Amino acid sequence: MTTVSRETHERLERFADLLVQWNAKINLVSPRDIAQLWPRHIEDSLQLAELIPEGATITDLGSGGGFPAIILAIATGNPVTLIESDQRKCAFLREAGRICDAKVTVIAKRIEAASPPPADIITARALAPLNRLLDWARPLLKEDGFCLFLKGQKAQAELTEASTDWHMSHTIVPSRTDPGGAIIKVSDFKRVV
């Protein structure tokens, strides 16, 4: 388990309690995942926190149930912009930000239609193949920024496929919560011409 302060742990517990309440009405996570909420979702998201510099601005794509966005806002104290098209999930995300005293801005739009200020870091979890994530991330990222994408067992295959369309620098960090998963850190990426 990632070590966090007592105050941070309490805020994460408030988030978990709120998610369980809301999940009964709207599908934020699979009902069978509720019993594994901490290791499967919260811990998985928390592992990104140590890769994020203090004060860096973050934009999370397809924020859904708040993973990793709300978790990162709580754990780092950094400002996080959440882009989510589902209005009910946006209501949950706003409430979670309020209850957990997290610096979040929720944009209720499709990623392609959103235009937040460019961020230092773009994150996404269980959203889309790497190729598509890079398409969405490029216009939302500062020139010297980077992306952190939580990926499953197909991480290497997605990198191989994306390298046919993108020039990029990347690092693969093994997941601490999923033996077959990885965090893909991507920077300096541009389309192959």
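The values are calculated or read from the model by the stated rules, or taken from the named source; none is laboratory data. On a predicted model such as this, the values are computed, not experimentally measured, just so you know. Glycine also receives a Cβ, built like all others from the backbone with ideal geometry; neighbour counts cover every protein chain displayed. Accessible surface areas use protein heavy atoms only, side chains included; no ligands, DNA or RNA. Shrake-Rupley method; radii C 1.70, N 1.55, O 1.52, S 1.80 Å.
Taking amide H as placed 1.01 Å from N in the peptide plane, the amide H of I107 sits under 5 Å from that of L82, I83, E84, each at least 5 places away or on another chain. Once each part is reduced to its C-alpha centroid, what is the distance from the stretch 43-65 to the stretch 135-192 in angstrom? The stretch 43-65 and the stretch 135-192 have Cα centres separated by 14 Å.
Residues whose amide H lies under 5 Å from that of T123, counting only those 5 or more places away or on a different chain, are T59, D60, L61, L148; hydrogens are built 1.01 Å from N in the peptide plane. The phi-based Karplus calculation (6.51 cos²θ - 1.76 cosθ + 1.60; θ = phi - 60°) puts the 3J(HN,Hα) values of the stretch 82-87 at 10, 10, 8, 8, 7, 4 Hz, whole numbers, x for Gly and Pro. Around the Cα centre of the chain, unit charges on the Cβ atoms of Lys, Arg, Asp and Glu (plus for the first two, minus for the last two) sum to a dipole of about 440 debye.
Ligands, DNA and RNA are left out, and with a 1.4 angstrom probe the accessible area of the stretch 89-193 is 53 Å² per residue. Among 63-69, 17-23, 94-100, 129-135, sorting by the average number of other beta carbon atoms lying within 10 angstrom of each residue, highest first, gives 63-69, 129-135, 94-100, 17-23. Within the set (1) 43, 39, 32; (2) 47, 40, 30; (3) 48, 35, 31, the number that Cα extents along the principal axes in Å takes when calculated for this structure is listed as (3).
By accessible area, using a 1.4 Å probe on protein heavy atoms only, the chain has 50% of its surface on carbon and sulfur. Seen from R138, the other residues with C-beta closer than 14 Å to its C-beta sum to a net charge of -2, counting Lys and Arg as +1 and Asp and Glu as -1.
Largest GNM mean-square fluctuation across I34, I122, I74, computed for the chain with C-alpha springs under 10 Å, falls on I34.
Classify the stretch 5-95 as rounded, prolate or oblate, taking a ≥ b ≥ c as the square roots of the eigenvalues of its Cα gyration tensor: rounded when a/c is under 1.5, otherwise prolate if a/b is larger than b/c and oblate if not. Oblate is the answer for the stretch 5-95, as a/c is 1.5 or above yet b/c matches or exceeds a/b. Computed with a 1.4 Å probe over protein heavy atoms only, the accessible area of K185 comes to about 80 Å².
For the options S45, S85, S115, a Gaussian network treatment of the chain with springs between C-alpha atoms closer than 10 Å singles out S115 as fluctuating the most.
Here the Karplus curve 6.51 cos²θ - 1.76 cosθ + 1.60, taken at θ = phi - 60°, turns the phi angles of the stretch 67-76 into couplings of 10, x, 4, 5, 4, 5, 4, 5, 6, 9 Hz, with x standing for Gly and Pro. If you count Lys pairs in the stretch 94-193 whose Cα atoms are under 21 Å apart, skipping same-chain pairs closer than 8 places in sequence, the total is 7. Sequentially through the stretch 41-46, phi angles give Karplus couplings (6.51, -1.76, 1.60; θ = phi - 60°) of 10, 6, 4, 4, 6, 4 Hz, Gly and Pro residues having no value and appearing as x.
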